[in-house]
Every structure is written in structure tokens, then in C-alpha cells.
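None of the figures in this text is laboratory data; all of them are computed from the coordinates on show. For clarity, every value in this text was computed on a predicted model and none was experimentally measured. Backbone-built Cβ (ideal geometry, glycine too); neighbour counts: all protein chains shown.
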Amino acid sequence: MDFAYDAKTEELRTKLLAFMDSHVYPAEAVLEQQLHDASDPWERQPILEELKAEARRQGLWNLFLPDAEHGAGLTNLQYAPLAEITGRSPHLAPEALNCAAPDTGNMEVLTMFGTDEQKKQWLQPLLDGEIRSAFCMTEPEVASSDATNIATRIERDGDDYVINGRKWWSSGAMNPNCAIFIVMGKTDPDAERHRQQAMILVPRDTPGVTVKRAMHVFGYGDHAHGGHAEIEFTDVRVPASHLIAGEGEGFAIAQARLGPGRIHHCMRLIGMAERALELMCRRASSRVAFGKPIAAQGVVHEWIAESRVRIEQARLLVLKTAWLMDTVGNKGAHTEIQAIKIGTPSMTEWVLDKAIQAHGGAGVSQDFPLAELWAATRTLRLADGPDEVHRMSLAKRELKKYV
């Protein structure tokens, strides 16, 4: 692979870095104030709509989608450094560019598997940023790290499907602009283990859909993802045309969806780690303890140097993974996708921990983004599959070479 960014990537990086400096970073305090003043913490905040309009005006829109018909037509390798930049402000920048989860994964699903009718009704409004969406897979009653455990039922009844089940950590569902849910459930519990599931489109306002509560992440509402909700589906009836791809295709769709999603998270995590290192260096240089700047302490030298090494290692592996996905496909990059999903959150968590330590009490306060970034990073060791599942799968792939 070529380690240099191509001309198109450099052009977009320059434009995006300027957008971050002039619009996104100044908007962070504005968003915090608007959330504080809002009567409903989940209502759409004006600053986000302003950022979205400006990003679209500048051509910084749908950068994640490699399909040139619907997105920017970038490869994973071209998108990676751009996603890294947005990771420096993960609660604002991805949504401003219409590149925020779970919408990105849902748009990819509809692009790859949706019918023309489904694309017209749901994909186009998502691409235009007019609505948001939710992804409903995880369930409170089963170990959802094994997606074949999913118990929600999707049963055919004439020209309809009827859905019954309970979901939680349904990303995006608390956003009032969330109009459509992609729900994973079982259509045939007696089929082969990986052919029991399906995914179906459920409009939010369908009778029988009850959004019970918001799930908080270490006390944070996670507005960047439109919140995470617990949802009950009770005799929810939707037309059979809402099924995506077909009965038995749910597990395969989930795998196709999660591959790009995992790498997007890792790209943004690099940016989060870079911002943490920058804040650590600035803080250590400006604070004096025991007669000298904190930056003069040997242990802080170790933190800074180790942070740089770990970030560079992770970035190279993420870029290699993106390149492999572009050249040999997601299956060919399976080992690397799992490796970055294991390594990148842990790396970013370590750098954030040291940055928090260098800030002292300020590091865990609302005056700096470090505590919220740490909460988001720690969560990603669970989201899209916990570390242990990826380690188990990765180890099995390695052992196959020798057994």
C-alpha cells in the first residue's frame, strides 16, 4: 500500500480541517449550552442544523459512502483520514457531515440490500439528512454478542409481518427526528442457526412500538448517536414489503453492516486519541507543580512518548485494514478488522486515561471533553461485539493455520 494520501484525500482533508477550526470546535460550547437550556434533551439543537447546512454547502457530506451514486464515492482508504479528523469532535462532526452512526450503517444496508421502494422512502431522506434512523439488534434477555441468540419474532401473517420482542441499546431511537427502525429478529427459529434471522423496516410511529426509556452511557446521554433506547414491540404490524432482502438473510446483513461500522469507529478513535494527546501536552506545558512544569516530569514524558507510539501503530493498522477492504473485500480483511476493533479502543482508552491524569481534577470535569471521550471509548469495547468475542474469533483463525 502507498502511505501517501492521494490528491482527492488531501483536498478534502484541507477543507475538513478548516471546517473543524472555523465551525465545529467553536460550536462545542454552543451545543453544550443549548443542551443545558433545552426542555427536552433529545430535541434537535439549532447549532447542529447550522453545521449540517454549512457542511453540505462545502461538499463535506456523506463522505462515508463509497457508492458514488448516493455518497462521495470515496474508498475506505480515502475516508479513513477524514473520519479521523471528525473523531476529534465525535459528538458534533460526524453528524454535521451526515456521517454518524447508526445512520451510516443503516444507509449502507439500504444501499446494498434495499429495494427501489425502500430506497426511495427511507434511504433518500437519510442521505439528505432530513430524518435519522435507529438500529435495533441488542436485547436485554439474551447475550447479544452472539447475534444468533436474538429472540424477537418476525412472523408472516398474510401480506404483513408481525413483530414481537424487546430491544435495548437501540442506537438513534431517542432522537425525535428518528423516523425509521431497522429491526433484527427471527423469522424461522427451526432453520439453520445463521439462517433464522431477518431484518425489517419499522416506522417509528407504527402502533405497538413503545420507546420505554433512554439508556445512559456512564451517565451521558450520547446525543451524537441520537441516544440509545429500550424499545418494546408488541404485535407491531408492517407490510411484507418492509422486509430487507428476505427471510433468513438477517445474519448476513448484520455482518455486512458491522464490517464498515467497526472500521469507521476505529478511524474516529484515532482522532479522539490525537485530541487527547494534544490536550495532555498543552496542559502539561502550562501547569506548574513542585516548582517546574508538569511536562518536565519524567513520568509525563513517558505518557506522551508512549501515546505517540501507540497512536501511530494503531493508525497504520487501521489504514492497512481500509486498504485491504478496498482491494480484497471485507472477508479478506477479516483478521485486520478484528485486530483494530480489539486494539484501537484500548489504545485510545489508555491515552485518554493519561490525559485525564495530567489534567488532575479538571480531567474528569465538564470543562474538558476528556471524560466524555473516555466514556464513549470504553463503550466501544462492547459495541459491535465485545473484545472477548473478537479475540476468540481471531485466535481461531490463527490456529487454523496449524491444526
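Packing, taken as the mean count of other beta carbons within 10 Å per residue, orders the peptides 295-304, 187-196 from highest to lowest as 295-304, 187-196. Ordered by the number of other Cβ atoms lying within 10 Å of each residue's own Cβ, fewest first, 148, 348 fall into the sequence 148, 348. Between the amide H of residue 217 and those of 222, distances stay under 5 Å, these residues lying 5 or more places away or on another chain, with hydrogens modeled in the peptide plane. Using only side-chain charges placed at the Cβ, +1 for Lys and Arg and -1 for Asp and Glu, the dipole size of the range 132-244 relative to its Cα centre rounds to 280 debye. Taking 20 Å as the cut-off, the amide N atoms of the range 83-97 that come nearer than this to a point 7 Å along the Cα-to-beta-carbon line of residue 312 belong to 84-85. Please give the charge dipole size of the range 7-114, origin at the Cα centre, charges +1 on K and R Cβ atoms and -1 on D and E Cβ atoms. Round to the nearest 20 debye. Once rounded to the nearest 20, the dipole reads 360 debye.
So if each residue of separation counts as 0.36 nm, and I subtract the Cα-Cα distance between residue 290 and residue 32, what length gain in nm does that give? 89.4 nm is the gain from fully extending residue 290 to residue 32. The string of couplings for the range 316-332 from the Karplus curve (6.51, -1.76, 1.60, θ = phi - 60°) is 4, 5, 5, 5, 4, 5, 4, 4, 5, 4, 6, 9, 10, x, 4, 5, x Hz, one whole number per residue in order, with x for Gly and Pro. Applying the Karplus relation 6.51 cos²θ - 1.76 cosθ + 1.60 with θ = phi - 60° to the range 61-69 yields 3J(HN,Hα) values of 9, 6, 5, 6, 8, x, 5, 5, 5 Hz, where x marks Gly and Pro. Relative to the longest principal axis of the Cα atoms of the chain, helix 370-379 runs at roughly 40 degrees. The GNM of the chain, with springs linking C-alpha atoms under 10 angstrom apart, assigns the highest mean-square fluctuation among 283, 237, 132 to 283. Placing pseudo-labels 7 Å out from each Cα toward the beta carbon at residue 43 and residue 124 gives an inter-label distance of 3.1 nm. Exposure proxy shown here: for 14, 379, the number of other Cβ atoms within 10 Å sets the order, fewest to most, as 14, 379. Over the chain, DSSP H runs of length four or greater, each weighted -39,500 (n - 2.57), average out per residue to a 222 nm ellipticity of -15500 deg cm²/dmol. Of the residues 342, 24, 100, the one whose Cα sits farthest towards the positive end of the charge dipole of the chain is 342 (charges of +1 on Lys and Arg Cβ, -1 on Asp and Glu Cβ, taken about the Cα centre).
Highest mean packing first, where packing is the average number of other Cβ atoms within 10 Å per residue, the peptides 287-294, 60-67, 201-208 line up as 60-67, 201-208, 287-294. Think of the chain as a dipole: +1 on every Lys or Arg Cβ, -1 on every Asp or Glu Cβ, centred on the Cα centre; then among 9, 316, 305, 305 lies furthest on the positive end. Note on the range 318-362: Rg/Rh from Cα positions, Kirkwood definition for Rh, rounded to two decimals, is 1.27. Think of each Lys and Arg Cβ as +1 and each Asp and Glu Cβ as -1; about the Cα centre, that makes the dipole of the chain roughly 1240 debye. Of the residues 108, 11, the one with the fewest other Cβ atoms within 10 Å heads the list, and the complete ranking is 11, 108.
Taking only the Cα atoms of the range 155-238, the radius of gyration and Dmax are 13.9, 44 Å.
For the chain, the orientation-averaged shadow of the C-alpha convex hull comes to 21.3 nm² (one quarter of the hull surface). Computed from the C-beta positions of residue 191 and residue 335 and an R0 of 30 Å, the FRET efficiency is 0.55 to the nearest 0.05.
Note: relative contact order over the chain, using C-alpha pairs below 8 Å and six or more positions apart, is 14 percent. Rounded to whole numbers, the Karplus 3J(HN,Hα) couplings from phi for the range 171-180 are 5, x, 6, 7, 5, x, 8, 6, 9, 9 Hz, using 6.51 cos²θ - 1.76 cosθ + 1.60 with θ = phi - 60°, and x at Gly and Pro. The slack between residue 402 and residue 116, meaning 0.36 nm per residue of separation minus the straight C-alpha distance, is 98.3 nm. Positive end of the dipole of the chain, charges at C-beta (+1 Lys, Arg; -1 Asp, Glu), about the Cα centre: which of 280, 208, 231 has its Cα farthest in that direction? Projecting each Cα onto the dipole axis, the largest value belongs to 280.
Mean separation of Cα pairs under 8 Å and 6 or more residues apart, divided by the residue count, gives the range 109-195 a relative contact order of 33 percent. The label-point distance for residue 364 and residue 131, in a model that sets each label 7 Å from Cα toward Cβ, rounds to 4.3 nm.
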